[in-house]
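Working notes, beginning with the structure itself.
The values are calculated or read from the model by the stated rules, or taken from the named source; none is laboratory data. Because the structure is predicted, anything quoted here is derived from the model rather than measured. Using ideal geometry, Cβ is built from the backbone for each residue, glycine included, and neighbour counts are taken over all protein chains shown. Side chains are part of the model used for accessible areas, which takes the heavy atoms of the whole protein and leaves out ligands, DNA and RNA. Shrake-Rupley method; radii C 1.70, N 1.55, O 1.52, S 1.80 Å.
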Amino acid sequence: MNYVRPKKHLGQHFLKDENIAQEITSSISESTVNLLEIGPGTGVLTKYLLKNEKLNLFVIEIDTESVTYLTHHFPQLENRILAEDFLHFPIENLFNHESYSIIGNFPYNISSQILFKVLEHREQIPEVVGMFQKEVAERIASKPGKKAYGILSVLLQAYYNIEYLFTVDEHQFIPPPKVKSAVIRVRRNAVNQIDCDDKLFFRVVKTAFNQRRKTLRNALNSIELDADKLPADILSKRAEQLSVEDFIRLTNAVKVNF
Ligand code: SAH
């Protein structure tokens with residue numbers, strides 16, 4: 001049972017199904033050593049992670065009531081609980097600057113922001129396993145040509161391989177969220193450096209999807225492109241039709257750093 005009254009503004013939905021908790025915690029790679037859990041709440045995942053003695057586990061939790069609960073129920077977590085906001089914490093300093101993976105039933109109100117922060121620190125974060133709203137999970141895993149395909153899909157897929165693991169029903173949580181959930185595994189791919197300037201790539205992708213119904217010729221009209229460097233038909237397509245490689249090509253055709 002949990003004794004923390006869920007707080008809606010913190011996206012608190014406590015998972016009650018132990019089998020699902022176990023399934024999530026066993027989805028991290030076997031080689032994992034350094035692991036950060038975001039939003040442990042009352043520790044439904046934490047307790048299984050603590051059974052794995054190989055793991056060097058830290059947890060980060062914004063809610064002081066949950067932190068108190070964790071401190072009392074998991075004394076072995078002593079000095080490993082960061083009572084902080086993940087979005088504002090300097091995560092590059094964790095684990096002595098070594099690489100580490102991330103796990104969590106993520107607070108849904110900030111799930112995209114968590115992933116953007118992971119992307120910023122992608123050189124240090126080889127793997128993320130966790131629960132998202134089903135719709136966000138589908139967006140992340142989506143391939144070109146689908147309505148769900150968007151900024152996060154392209155940016156994450158440029159650096160990570162995405163696996164949709166399983167769907168979780170809303171009634172597995174207290175209180176039940178309004179939407180279904182899904183667990184995904186996101187693993188860094190073999191690409192060290194994409195084949196273009198990565199900051200410019202981010203900006204091109206964001207600009208293209210800002211007006212996703214328009215053709216790229218219109219959506220990107222604020223950017224000067226060298227048409228000679230592009231396949232003939234690419235500018236009459238819309239952002240959602242382009243693969244990661246197409247966006248790299250597009251980035252390499254930008255004339256001026258806008
Ligand atoms: N892992 C628990 C709780 C999931 S609910 C379970 O599965 O039952 C999401 C958790 O994230 C809550 O405990 C909430 O307090 C925490 N949280 C919300 N925003 C956060 C933030 N910015 N940084 C760290 N933790 C956060």
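Residues in region 111-132: is at least one in contact with a Lys or Arg (Cβ under 6 Å, 6 or more places away or on another chain) and in a strand (DSSP E or B)?
Yes: region 111-132 contains one or more residues that are in contact with a Lys or Arg (Cβ under 6 Å, 6 or more places away or on another chain) and in a strand (DSSP E or B).
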Within the bounds of region 71-80, is there any residue that is closer than 25 Å to Pro177 by Cβ, assigned by TED's automatic domain parsing to the domain that holds Gln113 and within 11 Å of the ligand (Cβ to nearest atom)? no
Which condition from (1) farther than 17 Å from Lys180 by Cβ; (2) surrounded by 17 or more Cβ atoms within 10 Å (Cβ to Cβ); (3) touching a residue at least 40 places away in the same chain (Cβ under 8 Å) is the one that Ser153 breaks? (3)
Condition check: within 20 Å of the chain's Cα centre (by Cα) and within 12 Å of the ligand (Cβ to nearest atom). Does Ile20 satisfy that? yes
When you go through Ala219, Ala158, Ala190 one by one, which is the residue that is within 20 Å of Glu123 (Cβ to Cβ) and without any contact (Cβ under 8 Å) to a residue 40 or more places away in the chain? Ala190
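Would you be able to say whether some residue in region 38-55 is near the ligand (Cβ under 8 Å from one of its atoms), farther than 26 Å from Asn93 by Cβ, modelled with pLDDT of 95 or more and of a type in the set (S, T, N, Q)?
yes
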Please work out which residue is nearest to Phe14 (Cα to Cα), limiting yourself to region 144-197 and to residues that are of a type in the set (Ser, Thr, Tyr) and not in a helix (DSSP H, G or I). Ser181
Counted residues in region 81-93 being near the ligand (Cβ under 10 Å from one of its atoms), in a helix (DSSP H, G or I) and surrounded by fewer than 17 Cβ atoms within 10 Å (Cβ to Cβ) come to 2
Of all residues in region 2-13 being within 12 Å of the ligand (Cβ to nearest atom) and either within 18 Å of Ile102 (Cα to Cα) or part of a loop (DSSP other than H, G, I, E, B) (or both), which is modelled with the lowest pLDDT? Asn2
Residue in region 72-80 that is of a type in the set (A, V, I, L, M) and outside any helix (DSSP H, G or I) present: no
Looking at region 129-144, is at least one residue touching a helix residue (DSSP H, G or I) at 6+ places or on another chain (Cβ under 6 Å) and closer than 21 Å to Gly43 by Cβ? yes
Looking across region 94-140 at residues that are of a type in the set (Ser, Thr, Tyr) and within 12 Å of the ligand (Cβ to nearest atom), the single one that is least open to solvent (accessible area, probe 1.4 Å) is Ser111
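Go through region 56-70 residue by residue and tally those that are near the ligand (Cβ under 8 Å from one of its atoms) and touching a residue at least 24 places away in the same chain (Cβ under 8 Å).
Of the residues in region 56-70, 4 are near the ligand (Cβ under 8 Å from one of its atoms) and touching a residue at least 24 places away in the same chain (Cβ under 8 Å).
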